[in-house]
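Working notes, beginning with the structure itself.
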Amino acid sequence: MIRGGNPLHGKVHISGAKNAAVAIIPAVLLVEGKCRIENIPQIKDVEAIVSILKYLGASVERPADDILEIDATGVSSYMADCEMARSMRASYYLLGALLGRFHHAHVRMPGGCDFGVRPIDLHIKGFEALGADVTIERDVVIAHAKHLFANSVYLDFPSVGATINIMLAACRTPGTTIIENAAKEPHVVDLANFLNQMGAFVRGAGTDVIRIQGVEHLGGGTYSIIPDQIEAGTYMIAVAAAGGDVVIENIIPKHMESLTAKLMEAGTIIDEMDDAIRVRSNGRLKKINLKTMPYPGFPTDLQPQMVTLLTKAEGTSVVIEGVWESRFQYVEELNRFGVDVVIADERAIIHGVEKLQGASVKATDLRAGASMIIAGLMAEGCTKVENVTHIDRGYEKLVEKLENLGASIERIHE
Ligand code: EPZ
């Protein structure tokens with residue numbers, strides 16, 4: 001429940017990156033020895049992937065809220081065909097990790113946010129190139145290989161999931177596997193750094209060609225996850241949208257460049273520091289146009305929040321979704337705030353309005369849920385956001401963090 005209209009002031013600390021954590025935790029399956037992973041975000045998707053690791057037989061300890069110590073040395077099962085795997089998208093990383101370790105993997109088809117069709121053909125193409133047979137039987141993906149071997153894989157699209165899965169399957173496979181047209185997202189680089197820290201030989205992550213020289217053994221070690229680019233971006237947009245002056249701490253400003261450029265173009269004042277960004281509102285925002293693209297382009301995971309911000313900008317903005325086929329489903333909910341957003345040909349046409357009116361809405365997925373909260377902060381009167389479990393999957397303590405910035409927001413149980 002949000003009472004809108006309060007500008008945001010103060011400091012907010014960004015948690016570890018969800019999309020890095022959900023790749024690094026299953027990657028531990030490839031390691032013999034204890035992995036201490038720091039800066040773990042406290043979110044439902046992490047809880048889910050940790051439960052699956054425990055189900056497989058890994059020993060998991062939590063010496064502090066944001067630290068996990070996982071030892072998967074004793075895991076002997078490659079059967080992750082449990083219901084839990086269906087609750088999240090990232091369970092598909094179990095395929096690459098289990099295949100890389102056991103040459104066998106059974107994983108229940110992944111779920112996650114609904115943006116229409118979410119194929120895994122590029123993941124399968126990668127596993128097959130490394131010598132695996134892959135079939136899908138009654139909703140379970142089954143991958144088997146007598147021997148895995150290194151190969152070159154060209155991705156038709158720089159898919160984050162396929163890039164990560166191929167890295168996982170290849171890092172203990174003899175020879176040099178090359179991924180061309182690889183994804184360059186910060187969490188791809190973070191996984192490569194984690195694997196290298198554990199003894200892998202991955203080079204080129206962050207460029208479009210990644211070379212993975214297989215090693216026989218990965219041993220344990222300590223690693224700290226990067227800050228969450230999308231959580232940081234969500235707060236930057238929230239400040240620009242609700243107004244105020246906030247320092248967003250524990251971030252990598254370089255990861256925020258595409259958003260920073262667009263927010264400045266719209267009229268927000270932004271100052272970059274070494275590991276923080278200060279965001280200040282500066283009167284009514286101006287219209288802007290943008291298209292989402294793979295990194296370093298504008299992230300699709302900030303598209304709903306940005307469309308929401310632009311509902312109150314002066315003039316007509318156009319936002320094109322260039323990654324997912326169908327990521328505007330939330331617009332029906334957004335229009336309940338009395339805004340004017342029309343979807344035509346995979347683009348959102350946003351005619352800016354003077355004010356938003358509080359509404360009763362649903363979070364249709366994780367980032368759409370965050371955008372409903374932002375709309376509630378911008379609106380006059382009360383907003384009720386339902387289905388916030390979607391938001392809990394990916395934002396640590398969102399209500400508390402916004403309250404600390406001066407928002408009038410509370411979690412209610414009906
Ligand atoms: C990751 O999903 C993120 N999830 C998503 O974040 C994010 O939206 C997406 O990357 C793009 O940045 C995680 O990291 C867990 P993709 P992923 O494979 O890996 C097509 C969030 O809100 N494609 O890069 O599943 C696909 O249809 C979530 O935190 C194929 O055609 O995305 C899409 O159009 C939501 N075949 C495009 O590629 C494939 O085999 C990008 O998908 C795989 C993908």
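For this structure, a couple of remarks:
- For segment 316-348, filtering for residues that are buried (at least 17 other Cβ atoms within 10 Å of the Cβ), within 16 Å of the ligand (Cβ to nearest atom) and outside any loop (DSSP other than H, G, I, E, B) leaves 1.
- Count of residues meeting criterion [under 22 Å from the mean Cα position of the chain (by Cα) and of a type in the set (S, T, N, Q)] in segment 198-221: 1
- Within segment 197-208, the residues that satisfy the criterion of being over 18 Å from K125 (Cα atoms) and within 16 Å of the ligand (Cβ to nearest atom) are A205, G206.
- Residues that are over 10 Å from E32 (Cα atoms) and assigned to a loop (DSSP other than H, G, I, E, B) within segment 64-78 comprise D65, D66, S76, S77, Y78, listed in sequence order.
- Within segment 209-227, residues that are among the hydroxyl-bearing types (S, T, Y) sit with their Cβ atoms under 8 Å from residues that are in a strand (DSSP E or B) and open to solvent by 30 Å² or more (accessible area, probe 1.4 Å), at 6+ positions apart or across chains, in these pairs: T222/R36; T222/E38; Y223/R36; Y223/E38; S224/E38.
- The strands (runs of 3 or more DSSP E) falling completely within segment 268-315 that include 2 or more residues that are modelled with pLDDT of 95 or more and within 16 Å of the ligand (Cβ to nearest atom) map to 289-291.
- Within segment 197-210, restricting attention to residues that are of a type in the set (A, V, I, L, M) and part of a strand (DSSP E or B), the residue that is farthest from C35 (Cα to Cα) is V209.
- Members of segment 250-269 found to be in contact with a Pro (Cβ under 9 Å, 6 or more places away or on another chain), farther than 15 Å from G297 by Cβ and open to solvent by 20 Å² or more (accessible area, probe 1.4 Å), listed by number: N250, I252
- Looking only at segment 209-226, and only at residues there that are surrounded by 24 or more Cβ atoms within 10 Å (Cβ to Cβ) and within 16 Å of the ligand (Cβ to nearest atom), the one that is nearest to F157 (Cα to Cα): I210
- Hits in segment 349-377 - residues which are within 14 Å of the ligand (Cβ to nearest atom) and in contact with a Ser or Thr (Cβ under 7 Å, 6 or more places away or on another chain): A370, S371
- Evaluation of M84 against (1) open to solvent by less than 30 Å² (accessible area, probe 1.4 Å); (2) of a type in the set (A, V, I, L, M); (3) more than 14 Å from the ligand (Cβ to nearest atom); (4) within 26 Å of D301 (Cβ to Cβ) (one fails), failing number: (1)
- The one condition from (1) closer than 19 Å to L377 by Cβ; (2) open to solvent by 30 Å² or more (accessible area, probe 1.4 Å); (3) hydroxyl-bearing (S, T, Y) that Y295 does not meet is (1).
- Residues that are in contact with a Lys or Arg (Cβ under 8 Å, 6 or more places away or on another chain) and open to solvent by 30 Å² or more (accessible area, probe 1.4 Å), drawn from segment 393-403: R393
- Unmet criterion (only one of (1) within 16 Å of the ligand (Cβ to nearest atom); (2) surrounded by 17 or more Cβ atoms within 10 Å (Cβ to Cβ)) for R3: (1)
- Number of positions in segment 162-183 that are touching a residue at least 40 places away in the same chain (Cβ under 8 Å) and within 25 Å of E32 (Cβ to Cβ): 14
Let's see how each residue does on (1) more than 29 Å from K397 (Cβ to Cβ); (2) in contact with a Phe, Trp or Tyr (Cβ under 7 Å, 6 or more places away or on another chain); (3) not β-branched (V, I, T):
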residue: F337; (1), (2), (3): no, no, yes
residue: G352; (1), (2), (3): yes, no, yes
residue: T364; (1), (2), (3): no, yes, no
residue: R367; (1), (2), (3): no, no, yes
residue: S371; (1), (2), (3): no, yes, yes
residue: I374; (1), (2), (3): no, no, no
residue: M378; (1), (2), (3): no, no, yes
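- Those residues of segment 18-36 which are open to solvent by 10 Å² or more (accessible area, probe 1.4 Å) and within 13 Å of the ligand (Cβ to nearest atom), in sequence order: K18, N19
The values are calculated or read from the model by the stated rules, or taken from the named source; none is laboratory data. These numbers were taken from a predicted model, which means no experiment stands behind them. We place every Cβ from the backbone using ideal geometry, glycine too, and count neighbours over all the protein chains shown. These area figures cover heavy atoms from the full protein model, side chains too; ligands, DNA and RNA do not enter into them. Shrake-Rupley method; radii C 1.70, N 1.55, O 1.52, S 1.80 Å.
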